[in-house]
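Student: Take this structure first; my questions come after.
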């Protein structure tokens, strides 16, 4: 299936889903006015990809620096979808890039890891 | 504005440690542009650390709160274009973010209940309630976002959030100003 690329904007993240390489990347800022509308095509492409993917190693690089409350709620659903991909023999490696000075992004990552236990979670601290 | 009034205004703003003030119509591009300007201002004032992120997060939630829920502007209330005021400043070591916008007075009781409930919570309780609501399927019919705006503001704040309602003169109590304040 086709890769998905959405260029970043001031209030929207870069979405770089290289389905062909089983590598998914989210990077930047996420506070669109309507997070549901922004993430709908992202979630739908992901669902199609996961529906046809079996026994794969999938790498996810999560590099959002800031996400607002409505984005947070939707991101939780994205990770739920990734968690369910294990039932098809897939292994999802979630690389959680976060500012070493700020625990909010890390706290959310730790919550995700606690909720969705099939995800192979790696917290990756960075310094800006 | 007379130049003497502007001097007094400038002096007041300086004394109150105002770093940023916005008064006007709101749209998402304005939220994105002012957010970027504020972030630059905060980084110059405080560096790019944890506190700046909390102030920025609170600012975005308050601006989007106005965007979603304000009852229009001070110029023409029949025009339903979001309108509001937001100030960000620092007094000593504490940052504050205050917002003001017009709401329909029928929402006052519901908002007061919601805010009082949050004000009575400890910071651990706020975190727990945030996690619970984030995972919950319950949908607040009045909410246009995730329904997590006030909880997010309270989670970032270092003191209980403050609020005030004030009837809008000439509206026969139909409309009120709603003020919200967080300290970080």
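Student: So, in region A:17-34, of the ones that are modelled with pLDDT of 95 or more and within 14 Å of chain B (Cβ to nearest Cβ), which residue ends up surrounded by the most Cβ atoms within 10 Å (Cβ to Cβ)?
Tutor: A:31
Student: Would you mind stating whether residue A:106 is surrounded by 15 or more Cβ atoms within 10 Å (Cβ to Cβ), away from chain B (no Cβ under 14 Å), on the phi < 0 side of the Ramachandran plot and not in a strand (DSSP E or B)? I'd like the intermediate steps shown before the answer.
Tutor: Working: surrounded by 15 or more Cβ atoms within 10 Å (Cβ to Cβ): yes; away from chain B (no Cβ under 14 Å): no; on the phi < 0 side of the Ramachandran plot: yes; not in a strand (DSSP E or B): yes.
Criteria not met by residue A:106.
Student: Here's a follow-up. Out of (1) at pLDDT 95 or above; (2) within 14 Å of another protein chain (Cβ to nearest Cβ); (3) in contact with a strand residue (DSSP E or B) (Cβ under 9 Å, 6 or more places away or on another chain), the odd one out for residue B:12 is which?
Tutor: Answer for residue B:12: the failing condition is (2).
Student: Moving on to the next point. Would you pick out the residues in region A:44-73 that are in a helix (DSSP H, G or I) and either at the interface with chain B (Cβ under 8 Å from one of its Cβ atoms) or farther than 22 Å from residue B:68 by Cβ (or both)?
Tutor: Selection gives A:44, A:45, A:46, A:47, A:48, A:49, A:50, A:51, A:69, A:70, A:72, A:73.
Student: Another one. Given B:40, B:17, which one is touching a strand residue (DSSP E or B) at 6+ places or on another chain (Cβ under 6 Å) and surrounded by fewer than 22 Cβ atoms within 10 Å (Cβ to Cβ)? Write out each step before concluding.
Tutor: On the way: B:40 fails: touching a strand residue (DSSP E or B) at 6+ places or on another chain (Cβ under 6 Å).
The unique qualifying residue is B:17.
Student: Let me ask something else about it. Just one of the numbered conditions (1) within 14 Å of chain B (Cβ to nearest Cβ); (2) within 23 Å of residue B:38 (Cβ to Cβ) is not true of residue A:14; which one?
Tutor: (1)
Student: Under 7 Å between Cβ atoms, which residue pairs at least 6 apart in sequence (or on different chains) link something in region A:40-65 that is at positive phi with a partner that is buried (at least 18 other Cβ atoms within 10 Å of the Cβ)?
Tutor: That search, which allows pairs on different chains as well, returns A:55/A:90.
Student: If I filter region B:55-69 for residues that are under 29 Å from residue A:101 (Cβ atoms), facing chain A (nearest Cβ under 10 Å) and without any contact (Cβ under 8 Å) to a residue 24 or more places away in the chain, do I get at least one hit?
Tutor: Yes: region B:55-69 contains one or more residues that are under 29 Å from residue A:101 (Cβ atoms), facing chain A (nearest Cβ under 10 Å) and without any contact (Cβ under 8 Å) to a residue 24 or more places away in the chain.
Student: Quick test for you: out of B:169, B:82, pick the one residue that is farther than 26 Å from residue A:108 by Cα, within 14 Å of another protein chain (Cβ to nearest Cβ) and either surrounded by 13 or more Cβ atoms within 10 Å (Cβ to Cβ) or modelled with pLDDT of 90 or more (or both).
Tutor: From the options B:169, B:82, the qualifying one is B:82.
Student: Which residues, counting only those in region A:1-21, are in contact with a helix residue (DSSP H, G or I) (Cβ under 9 Å, 6 or more places away or on another chain) and either part of a helix (DSSP H, G or I) or closer than 17 Å to residue A:50 by Cα (or both)?
Tutor: A:1, A:2, A:3, A:4, A:15, A:17, A:19
Student: Would you say residue B:174 is surrounded by fewer than 16 Cβ atoms within 10 Å (Cβ to Cβ) and in contact with a helix residue (DSSP H, G or I) (Cβ under 8 Å, 6 or more places away or on another chain)?
Tutor: Taking the combined requirement at face value, the residue satisfies it.
Student: Name the one entry in B:27, B:52 that is surrounded by fewer than 19 Cβ atoms within 10 Å (Cβ to Cβ) and within 12 Å of another protein chain (Cβ to nearest Cβ).
Tutor: B:27
Okay, residues lined up against (1) part of a strand (DSSP E or B); (2) within 26 Å of residue B:159 (Cβ to Cβ):
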{"position": "B:5", "(1), (2)": "no, no"}
{"position": "B:8", "(1), (2)": "no, no"}
{"position": "B:14", "(1), (2)": "no, yes"}
{"position": "B:36", "(1), (2)": "no, no"}
{"position": "B:55", "(1), (2)": "no, yes"}
{"position": "B:67", "(1), (2)": "no, yes"}
{"position": "B:85", "(1), (2)": "yes, yes"}
{"position": "B:90", "(1), (2)": "yes, yes"}
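The values are calculated or read from the model by the stated rules, or taken from the named source; none is laboratory data. Quick caveat: nothing in here was measured; it's all calculated off a predicted structure. When we count neighbours, we look across all protein chains shown, and the Cβ atoms used for this are built from the backbone with ideal geometry, even at glycine.
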